[in-house]
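Some notes on the structure that comes next.
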């Protein structure tokens, strides 16, 4: 056994999968995969404890880290001002638009807004090299040309989480870690490129559940920097606090990455999904309609305040959550209402002490920046605002009720509709799907399907008294599929290319099966090329 590259390598993709680059990624797999698997086993053990009635709390074993005086390493100049960050997949056109958007940073995503087809993953690395070299161009089918301007966003890359694998590359008979695949090829080809250009290899780290998983990333960074002759500390990483267990270990996560840390981000959608997943069989943790769970409900407010306080105490950036609205080209009234809600959300984040925020569409850059400009002025950030007034205990992070106005038929319909539509889009290779003027990604689809699973298995009722049963869910699916057919037409993508039967079947697998599937992308990945 050895190294087996199972995906086609044609054209410029050959530049990515050189013998040296593949060898480097294989060395990461051999060095770190055993620990990755051990940590995934720890996740399963903790989940079993929660289902047996256990709870989450701050760790007594790391009290010394939380009580001692330490700071993360200083931020590099191009990560000091992050007041607006735009996110999106590594699609060529989207990357050009994002880099030109006026946002301070662009997160190029191999994770939740990307469907990991081999074409997407391999070509994405080509696109990143061209973006860094400032040679990236794109011509649309109608002849419109896209090129980089002069004022570009700072590039940050998000690899896949520890739980995912890349089936197109095997090392010693096993598929490599998706995280190590994405990180390794990007780092090998671009770390020196970025440093020579006055920036650096910057990353967002998703789905981390505890400080040991952050420690593993830190070990990967040190090994990679040493292997390629790059100074330790050159790599910087922002961790998405998007799992409930990680919220209890924010200090420890920053500490493990302290030489490489650029801060924490409030990954609000995955965080909501994580709460449902952790306590999926326990009625006291049932959430109402997903669109009614805002950042002002008690457990979300506590999470946000603790994140800001933790980051600023340690000299790190605190990044706010996603504004997922996609402007309508047909209805100005929709935009007026939505822009006002986005501004209100960003105003709250800025006044709470966040140093920056996320948006999903270039038209929202000015809306978000205006609110942060009002608070920050000429300052790059507000890390010096320590939020000593915020007092958050374990019970605050778990105070789910009241979190909305109950479970409605409209909410159940939305979960079924969006869940099936998103899976259909994902199977077509598009992981960032604009559905009803919102950018849906894997995180929001996870909320939709996990809510349905939780409502069914904890025997919840709609506001009108009807029990939420598999039969009701399937009846609503029938009606929502007809609604989609009427909206997009028989010849449009959903019915001609969108694999509706497979999409519905996969949704039911992850929303109605007896056993809860940890991530919908795990079974979905088996259906991708």
| Residue order, fewest to most surrounding Cβ atoms within 10 angstrom, among 146, 255 | 146, 255
| Expressed in nm to one decimal, what extension gain is obtained for the pair residue 351 and residue 34 from 0.36 nm per residue of sequence separation less their Cα-Cα distance? | 109.8 nm
| note | Over all Cα pairs of region 409-525, the Kirkwood radius sets Rh, and Rg/Rh then becomes 0.95
| request: Before anything else, pin down the relative contact order of region 409-525: Cα pairs under 8 Å, at least 6 apart, normalised by residue count, whole percent. | output: 35
| message | Given the -39500 (n - 2.57) contribution per DSSP H run of 4+ residues, what per-residue ellipticity at 222 nm results for the chain, rounded to the nearest 500 deg cm²/dmol? | response | -15000 deg cm²/dmol
| task | Kindly work out what percent of the DSSP beta bridges joining two residues of the chain are antiparallel, to the nearest 5. | result | 35
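Taking R0 as 41 Å, what's the FRET efficiency between residue 150 and residue 9 from their Cβ-Cβ distance, rounded to 0.05?
The value I calculate is 0.75.
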| query | What order do you get for 70, 455 when you list them from fewest to most C-beta neighbours inside 10 Å? | reply | 70, 455
| Which of 525, 202 comes first, and how do the rest follow, when ranked by fewest Cβ neighbours within 10 Å? | 525, 202
| Dividing the convex hull volume of the Cα atoms of the chain by its residue count, what figure in Å³ per residue is obtained? | 151
| message | For region 120-232, what does the relative contact order come out to in percent, with C-alpha contacts under 8 Å and a separation of six or more? | response | 22
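Computed from the coordinates by the stated procedures, all read-outs in this text should not be read as laboratory data. Quick caveat: nothing in here was measured; it's all calculated off a predicted structure. So basically every Cβ, Gly included, is an ideal-geometry build from the backbone, and we count neighbours across all protein chains shown.
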